[in-house]
Amino acid sequence: MTADEFDPASVPRFPIFSLVLNEDEGLVELDGLAIEPALGEQPKDAGIAEVVQKIKAHRLQAVRVRARTGVDDEVWDLVVTDQGNTYDVTPSISVETNSVKRRKYIAIIAGTAAVGVTAVAVVLMVTNSAKTPQPVGWDTPGVNAQIPVALPSGFATTATWSLPVDKNSTVTILNTGHLVSSDQAGNLVARDPKTGQPKWTGSEAPANIGELDQTTWAGTPSVAAASERALRVWDLRTPADGGVSVAHSIAVTNEEHVDTDGPTPFINRGDWVVSLPANDFSIRDVIIPAGTLPVLASLNDDITVIGRTNLHVVAADGSVTKTLPFTPPKSTAGQPTVSWVLDDTHVLVGWKGTTSVLAIVDTTTGKIAASSKVRNLPREEADILSDPNSKTAVLERLAINHGDKPAIKTLEDFQTTTIHEGIAYGEFPEGPAAVNLLTLTKPTPWATYTAEDPAPNLVTDDAAYVVTPMLDQTVLYRAERSE
């Protein structure tokens, strides 16, 4: 049925679901049950998505929506089709001042993506703070615990909070600011950085949390990690029952290369076949031009590939939608062999030969920003540490700048653990130190308690985080910036 043929009056008026939305507090309830928005997800999107799951079970085809402010009890009736079309079916209201409010609450629904909603009426209520459901209590653990290792100057020596984690855990951060580590049960846990409170849990944490990347899988906010035999993906939306998000596993072989650093993951299967994310955490294959290397997958399902003399953008159906001339660095021959994603528009590409070469390529222009001969190319499976704000990165012992002064330089005798605002924190032979990746001056050490003190696992604008043994446990500590 087309939009022109649809009759909103034909939509049944019952049953009715009650959806409570408090945008100010970021809280949502469906029929009295709290809904936790996914990390980075808007409350209205989380609420509608939860409604969709429930009404699909009823096998209906359109939905009535009642929007209520919860402040002055103004009510508007809408109908939403399974195509996402929205109709205002409110009885005529002559008061002109109501029109602005009506448009606001229609926009709450109309702004949500078409998610296949069907024939159930929904009550959408925007509440004030006095009616906000209170979150489950959380006692911040390990407050003021002594941190047993020395951190760089400028960070506290006692913890804002601390808690035990898996003995093999490290810690990483999502773009929402939530921290991800593995707990003692082997689960992935995303936490509030200020309090350590769990906000999301995923099953079967990867052995190396550092391999975990935040991504989008066919429109779903996710985290992903690749191993020798599988690509595993976790939905960052909390399950309807409030439980644990189960890892979805996609088998790969040792010969296949998985990239999770870009906007969306891809698998280079070989034989000019690339697998891209599909619905329900499945994959679909795309044929790319022979003689090219896939380097970047975008959220609109385009794949950027680089050949000997051209850069192509390939659509999901295999058609080439854009071609740019590409001039490879001198001393290279044939197509590139390896690549790593630096950001949404820059990749690091390598050519293997008598003299191996790395180059920073701008995928929007096909131009090389910088190149360098290297003794050996980094391992294809090597993890790249990136700092988007400073446009710097570290790949094994290489320092990469893809900002105003692009460059690829060797980082001698330094093992990086984290980067923040262009400063790499890590280990060199004399102990933990910091290196400015923009200037590559000599590493700056800091005073330590013992020769074994590690560098912080993560540094942010307001804190440093370190995972270290404490007697018979492994503990994650948050140290506030003190200056």
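The values are calculated or read from the model by the stated rules, or taken from the named source; none is laboratory data. Quick caveat, the model's predicted, so the values are computed rather than measured. Here the Cβ is made from the backbone with ideal geometry for all residues, glycine too, and neighbour counts use every protein chain on show.
Structure summary
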| item | result |
| --- | --- |
| Residue under evaluation Ala240, criteria (1) touching a Leu at 6+ places or on another chain (Cβ under 9 Å); (2) modelled with pLDDT of 95 or more, criterion not met | (2) |
| The stretch 350-375: number of residues that are over 29 Å from Leu458 (Cβ atoms) and either part of a loop (DSSP other than H, G, I, E, B) or in contact with a helix residue (DSSP H, G or I) (Cβ under 9 Å, 6 or more places away or on another chain) (or both) | 8 |
| Sole exception among (1) closer than 22 Å to Asn401 by Cβ; (2) out of contact with any Leu (no Cβ under 6 Å at 6 or more places or on another chain); (3) part of a strand (DSSP E or B) for Thr321, by number | (1) |
| Test: Glu427 is over 22 Å from Pro263 (Cβ atoms), crowded, with 17+ Cβ neighbours inside 10 Å and either over 19 Å from the mean Cα position of the chain (by Cα) or at pLDDT 95 or above (or both) | yes |
| Those residues of the stretch 430-453 which are more than 23 Å from Gly177 (Cβ to Cβ) and within 30 Å of the chain's Cα centre (by Cα), in sequence order | Pro432, Ala433, Val435, Asn436, Leu438, Thr439, Leu440 |
| Leu299, sole failed condition from (1) in contact (Cβ under 8 Å) with a residue 40 or more places away in the chain; (2) hydrophobic (A, V, I, L, M, F, W, C); (3) part of a strand (DSSP E or B) | (3) |
| Qualifying positions in the stretch 214-249 - touching a helix residue (DSSP H, G or I) at 6+ places or on another chain (Cβ under 7 Å) and surrounded by fewer than 21 Cβ atoms within 10 Å (Cβ to Cβ) | Ala218, Ala240, His248 |
| Which numbered condition Ile303 misses (of (1) of a type in the set (A, V, I, L, M); (2) buried (at least 20 other Cβ atoms within 10 Å of the Cβ); (3) within 15 Å of Val274 (Cβ to Cβ); (4) more than 24 Å from the chain's Cα centre (by Cα)) | (4) |
| Within the stretch 325-358, tally of residues that are crowded, with 16+ Cβ neighbours inside 10 Å and within 13 Å of Leu296 (Cβ to Cβ) | 10 |
| Candidate set from the stretch 247-275 (those that are in contact (Cβ under 8 Å) with a residue 40 or more places away in the chain and among the charged types (D, E, K, R)); member that is farthest from Val338 (Cα to Cα) | Asp261 |
| Strands (runs of 3 or more DSSP E) contained in the stretch 182-226 and holding at least 2 residues in contact with a Pro (Cβ under 9 Å, 6 or more places away or on another chain) | 188-191, 213-217, 220-226 |
| Residue count for the stretch 227-240, restricted to those that are without any contact (Cβ under 8 Å) to a residue 60 or more places away in the chain, of a type in the set (Lys, Arg) and not in a strand (DSSP E or B) | 1 |
| Hits in the stretch 402-416 (condition: touching a Phe, Trp or Tyr at 6+ places or on another chain (Cβ under 6 Å) and either hydrophobic (A, V, I, L, M, F, W, C) or surrounded by 15 or more Cβ atoms within 10 Å (Cβ to Cβ) (or both)) | Phe414 |
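Yes/no matrix, rows are residues, columns are (1) within 20 Å of Asp317 (Cβ to Cβ); (2) touching a Phe, Trp or Tyr at 6+ places or on another chain (Cβ under 8 Å); (3) of a type in the set (Val, Ile, Thr):
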{"residue": "Ser249", "(1), (2), (3)": "no, no, no"}
{"residue": "Glu256", "(1), (2), (3)": "no, no, no"}
{"residue": "Asp271", "(1), (2), (3)": "yes, no, no"}
{"residue": "Leu276", "(1), (2), (3)": "yes, yes, no"}
{"residue": "Ile283", "(1), (2), (3)": "yes, no, yes"}
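So that you can scan it fast, the table gives a plain yes or no per residue for (1) touching a residue at least 40 places away in the same chain (Cβ under 8 Å); (2) polar (S, T, N, Q); (3) out of contact with any helix residue (DSSP H, G or I) (no Cβ under 9 Å at 6 or more places or on another chain):
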residue: Arg379; (1), (2), (3): no, no, yes
residue: Asp383; (1), (2), (3): yes, no, no
residue: Asn401; (1), (2), (3): no, yes, yes
residue: Gln415; (1), (2), (3): no, yes, yes
residue: Gly422; (1), (2), (3): no, no, yes
residue: Pro429; (1), (2), (3): no, no, yes
residue: Leu438; (1), (2), (3): yes, no, yes
